[in-house]
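Have a look at the structure below, then the notes.
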Amino acid sequence: MKHKDAVRRRDKLAANLPTSELLRGSLLQRTIRHKSGCPKCERGGGHPMLVLAVSEPGGKVRQISLRPAQKAVVEQWIANYHRLKSQIEEVCELNQSLLRPEP
């Protein structure tokens, strides 16, 4: 790929990067069970809930409870994060090709 083409493609990718609605983590569905006094838990049903699990340095995982109404927004923001990450990788590959001399 020619340098001009690589620069043009890189600039186009960089212009379309999502930058504000990003979220790193995994959306999980958990079931909470109370130890005693809850008829639903005693029947074995428990209480389903959504959780955003985010890995932190040192191996810790922070879990944030979510309301069901937040699910669609969180899924979109996680998808934006993955799209941004793949576009950044593509920009890096193009920059690597720019470091090579043109034939």
Is it possible to state the helix-based mean residue ellipticity at 222 nm for the chain, with each DSSP H run of 4+ residues giving -39500 (n - 2.57), the sum divided by total residues, to the nearest 500 deg cm²/dmol? What is it?
-14500 deg cm²/dmol
If we sort 18-26, 53-61 on the protection proxy, mean other Cβ atoms within 10 Å, highest first, what's the order?
18-26, 53-61
Give the lysines reachable from Lys60 as a straight Cα distance under 29 Å; neighbours fewer than 8 places away on the same chain don't count.
Lys35, Lys71, Lys85
Do you know the relative contact order of the chain, to the nearest whole percent, from alpha carbon pairs under 8 angstrom that are 6+ apart?
36
Kirkwood hydrodynamic radius, computed over distinct alpha-carbon pairs, for the chain: how many Å, to one decimal?
17.2
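Readers should treat all values here as calculations from the given coordinates under stated rules, not as data from a laboratory. Small disclaimer: the values here were computed from a predicted structure and weren't measured. A quick note on method: Cβ atoms are made from the backbone with ideal geometry, for glycine too, and the neighbour counts reach across all protein chains shown.
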